[in-house]
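The values are calculated or read from the model by the stated rules, or taken from the named source; none is laboratory data. Everything quoted here is computed from the prediction, not taken from an experiment. Ideal geometry is used to build each Cβ from the backbone, glycine not excepted, and the neighbour counts take in all protein chains shown.
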């Protein structure tokens, strides 16, 4: 019987053949191969459902069934008064957890200490581009990192502000 338990607990290699170990909830794929083959949304859905199942099972273990508990002594001659025990339902706990979870999706800030193109650590020597990204010395120029910023339009706006149009007077002076 112990050998049967060991077989289910032993890790199996990834079905994608990458060399890592796969898990049963992900159809015996590792997380990377599962994301490649199935997709990012399915991966998030499956990992969230397994986390909810783990939470539910741990909460059910601590749930108290009855409202009152009786304490009986083995000989039966002495009985103690009823003691009220509060009940905790797992539904109430999950509702509270659902309301306290992130109502607005938290937007992850890009790391400001890494190059946006090659992910090299730049620290304080990183170059900030007009496209609001940080780059290393090799990718700091706009032609090296495919900058989406429109320099031509920005230059035209700057010239238009600096050089207002000069128009002749509409009325001729005598």
Inset, instruction - Go through segment 91-145 and count every residue that is closer than 30 Å to residue 48 by Cα, surrounded by 15 or more Cβ atoms within 10 Å (Cβ to Cβ) and at pLDDT 55 or above. - result: 2
Inset, instruction - Return a yes/no flag: does segment 152-173 have any residue that is surrounded by 11 or more Cβ atoms within 10 Å (Cβ to Cβ), part of a loop (DSSP other than H, G, I, E, B) and either modelled with pLDDT under 80 or out of contact with any helix residue (DSSP H, G or I) (no Cβ under 9 Å at 6 or more places or on another chain) (or both). - result: no
